[in-house]
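Report on the following structure.
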Amino acid sequence: MEIRVLPLPAEAKKKKYTDESQLGFGKIFTDRLFIAEWKTGQGWVDARIEPYAPFQLDPACTVLHYAQEIFEGLKAYRWKDGSVALFRPEMNARRFNHSADRMCMPEVPEELFLKGVAELVKLEADWIPTAPGTSLYIRPTLIAVDPYLGVKPADHYYFYVILSPVGAYYAGGFNPVKIMVEDKYVRAVPGGTGEAKTGGNYASSLKSGMEAKQKGFDQVLWLDGMERRYIEEVGAMNMFFAYGDKVVTAPLEGTILNGVTRNSVITLAAELGFTVDERKVDIDTIMADIKSGKITEAFGSGTAAVITPVGALCYKDENVTLGNGGVGRLTQKLYDTLTGIQTGELADKFGWVRKL
């Protein structure tokens, strides 16, 4: 599909950031966005890049009432040679369509997804920050915009992409976080929408996250929704535990996200000589194995933070420390390797980088 590029009037140009250390995460947006529309009987039409501006939506539109919405998150990096690279965008496109299928929304052709992202990033390349730890965050989104209050899949959708120059996800740097194990609320249940990247999953997690922060914790570790026993995600990330030369993470059984970073971690860990075990593991075993020293380190993985080291866990008011409470050897190696490949500092032997 041809993508039209609409003019960017002088008055639509935004004042660009001047201090990359103050970027934060997801607070600043670039001059343009990409958008295409899907309509019943027509399919995908009118792909265009236009000035960033608010949408005018009918108060009755489907997304506001029945939450037909999905999104993705990926990043663009400016390399030292001036080139721009994306990290595994094809995986994001495929997961986006997996989410669309679960939410009864039209799939976005992978070519359209990738072309829309690439053309927008190329036009907005001047917004990509270059300081260590910074990047251009990319947010593809699909929403239902029918003005109709009946409960059914919509007939009209917007697929759009916006861009945000971001700093490090954690302002305090690459430091271990304290995790509260949630045994009251649940994130997802078998047969639900846990493996779809849809906004409702995140909205339902906010209360637990706020309560954890009030108690002095940084994130929530979710247990399964049936028995509240097995480890699932940590915050909005996939969770890993290291047993010496073995790495354990929850299996993909419909309740957790098939993370792009998760997949990359599994590949890298195997490359580094670790055995990767995707299996259910219960929280009582985790606590006992941390206390005995069998678990040597733990970390979360996700697009925004890449790798997040875990220093301490609290379950039913019992606190345990991972190793010496610092960043583990494997955690550091994975972070350095992933960010090195993403920024061009290390060779990409896996073919993960897509240069623009």
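Some points to look at:
- If the condition is being within 23 Å of residue 335 (Cβ to Cβ) and of a type outside the set (Gly, Ala, Ser), then the range 140-179 contributes 165, 166, 169, 170, 174, 175, 176, 177, 178, 179.
- In the range 142-158, the condition of being within 15 Å of the chain's Cα centre (by Cα) and of a type outside the set (S, T, N, Q) is met by no residue.
- Among residues of the range 65-83 being aromatic (Phe, Trp, Tyr) and farther than 19 Å from residue 158 by Cβ, the one that is farthest from the chain's Cα centre (by Cα) is 79.
- Residue 172 vs. criteria free of Cβ contacts under 8 Å to residues at least 24 places away in the same chain and within 20 Å of the chain's Cα centre (by Cα): yes
- All told, residue 185 falls short of being outside the structural domain of residue 73 (by TED's automatic domain parsing), surrounded by fewer than 21 Cβ atoms within 10 Å (Cβ to Cβ) and out of contact with any helix residue (DSSP H, G or I) (no Cβ under 6 Å at 6 or more places or on another chain).
- Meets criteria (under 18 Å from residue 187 (Cβ atoms) and not charged (D, E, K, R)) for residue 259: yes
To keep it simple, each residue is scored yes or no on (1) surrounded by 15 or more Cβ atoms within 10 Å (Cβ to Cβ); (2) more than 24 Å from the chain's Cα centre (by Cα); (3) assigned to a loop (DSSP other than H, G, I, E, B).
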| residue | (1), (2), (3) |
| --- | --- |
| 16 | no, yes, yes |
| 28 | yes, no, yes |
| 38 | yes, yes, no |
| 54 | no, no, yes |
| 58 | no, yes, yes |
| 63 | yes, no, no |
| 86 | yes, no, no |
| 95 | yes, no, no |
| 101 | no, no, no |
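- Only one of 312, 298, 304 that is within 22 Å of residue 174 (Cβ to Cβ), in the same structural domain as residue 246 (by TED's automatic domain parsing) and part of a loop (DSSP other than H, G, I, E, B): 304
- The requirement of being surrounded by fewer than 21 Cβ atoms within 10 Å (Cβ to Cβ), in a loop (DSSP other than H, G, I, E, B) and not hydroxyl-bearing (Ser, Thr, Tyr) is fulfilled somewhere in the range 208-215, by at least one residue.
The values are calculated or read from the model by the stated rules, or taken from the named source; none is laboratory data. Model, not experiment: these values are computed from the prediction. Neighbour counts run over all protein chains shown; Cβ positions are idealised from the backbone, glycine included.
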